[in-house]
Amino acid sequence: MRKLVVRMTVTADGYMCGPNKEMDWLFRNFHPDTKDWVVETISGAGLHIMGSKTFNDMKSYWPAATEVLAEPMNKIPKAVFSRKGIAKGSEGLTTQARKDTPTSSLNQTKEQTEINLKEWESSPVLTGPIYDELLRLKQQPGNFILAHGGVSFIQSVVATGLVDEYRLIVCPVVIGKGLSMFSSLEKAVDLKLINSIAFHTGIVGNVYRPK
C-alpha cells in the first residue's frame with residue numbers, strides 16, 4: 001500500500017493561512033534555499049491530489065510557469081476531489097491564495113502551455129466519500145500520494161486518519177490567528193519526528209509520521 005503524504009507550508013504558530021485564507025506571509029518568507037527540499041517531495045510523488053478550488057488555482061498557474069517545480073507539477077498525474085464535481089464556468093474562479101501568488105515566472109511558450117493544460121484537463125474528478133476514495137488510491141501501485149491544500153480539503157484528508165506522513169515547512173512568522181489543518185481532529189494524534197532540516201533563513205523543514 002502506498003503512502004499518503006501531506007506537504008504544507010505553515011506559520012510558526014501552526015496556521016496554513018490567515019482567517020480569510022491570506023497567504024501573503026508565505027511569499028514574504030519563502031526563500032529559494034528550500035526549493036531542493038520541496039522539489040524532492042513534489043518530484044517523488046506518483047499522484048498529486050487536491051480539492052477543486054486548489055485545482056483551479058494550480059491549473060491557472062502551472063501550465064504557463066517556467067520555474068523548477070513546473071515540470072513535475074505539470075507531468076505527474078493528478079486527481080481532483082469534489083463531491084459535486086467541477087461545475088462548468090468554475091474553471092476561471094481562483095482563491096485568495098492564487099491572487100497572492102507572484103506571476104513573474106508565467107512566461108512559458110504558448111505551445112507548451114497548451115500541452116501542459118491538456119495534462120491538467122485529463123485529471124479524473126473523484127466524487128465518492130473521501131475516506132473510500134483515498135483508501136482506493138492508496139491500494140493502487142506507484143509512488144506515494146501527495147496531498148495539496150486548500151484548507152477544507154486538507155482538513156478532510158487529515159480527519160480520515162489515513163495520512164502516513166506530514167512534510168511541513170515552518171516559516172519564521174506568526175500571524176496570531178488563522179486556519180489549521182488539524183482543527184478537524186476529534187482527538188490528539190502523537191507524531192514521531194523523522195527528519196528535520198534548518199535553513200539559514202530561519203525556515204525549518206520537518207517530517208513527521210503518526211506513531
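Summary table
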read-out: Enumeration of residues in region 115-129 that are exposed (fewer than 13 other Cβ atoms within 10 Å of the Cβ), out of contact with any strand residue (DSSP E or B) (no Cβ under 6 Å at 6 or more places or on another chain) and either charged (D, E, K, R) or closer than 15 Å to Ser82 by Cβ (or both); value: Lys118, Glu121, Gly128, Pro129
read-out: Selection within region 65-88 - surrounded by fewer than 16 Cβ atoms within 10 Å (Cβ to Cβ), in contact with a Leu (Cβ under 9 Å, 6 or more places away or on another chain) and at pLDDT 95 or above; value: Pro77
read-out: Which numbered condition Gly176 misses (of (1) in contact (Cβ under 8 Å) with a residue 60 or more places away in the chain; (2) at negative phi; (3) in a loop (DSSP other than H, G, I, E, B); (4) not hydroxyl-bearing (Ser, Thr, Tyr)); value: (2)
read-out: Every residue from region 191-209 that is more than 17 Å from Met16 (Cβ to Cβ), at pLDDT below 95 and either assigned to a loop (DSSP other than H, G, I, E, B) or of a type in the set (S, T, N, Q) (or both); value: Phe199, His200, Thr201, Gly202
read-out: Residue within region 35-58 that is farther than 27 Å from Phe144 by Cβ, in a helix (DSSP H, G or I) and at pLDDT 80 or above present; value: no
read-out: Whichever residue in region 175-211 is within 24 Å of Trp37 (Cα to Cα) and among the basic types (Lys, Arg) and, among such residues, is surrounded by the most Cβ atoms within 10 Å (Cβ to Cβ); value: Arg209
read-out: From the options Arg28, Arg2, residue that is modelled with pLDDT of 95 or more and either out of contact with any Leu (no Cβ under 9 Å at 6 or more places or on another chain) or part of a loop (DSSP other than H, G, I, E, B) (or both); value: Arg2
read-out: Residue in region 181-190 that is among the β-branched types (Val, Ile, Thr), under 16 Å from the mean Cα position of the chain (by Cα) and not in a helix (DSSP H, G or I) present; value: no
read-out: Check on Val163, surrounded by 14 or more Cβ atoms within 10 Å (Cβ to Cβ) and either in contact with a helix residue (DSSP H, G or I) (Cβ under 7 Å, 6 or more places away or on another chain) or hydrophobic (A, V, I, L, M, F, W, C) (or both); value: yes
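The values are calculated or read from the model by the stated rules, or taken from the named source; none is laboratory data. The shown structure was predicted, so the numbers you read here are calculated from the model rather than taken from an experiment. Because the Cβ atoms are built from the backbone with ideal geometry, glycine has one as well, and the counts that use them run over all protein chains shown.
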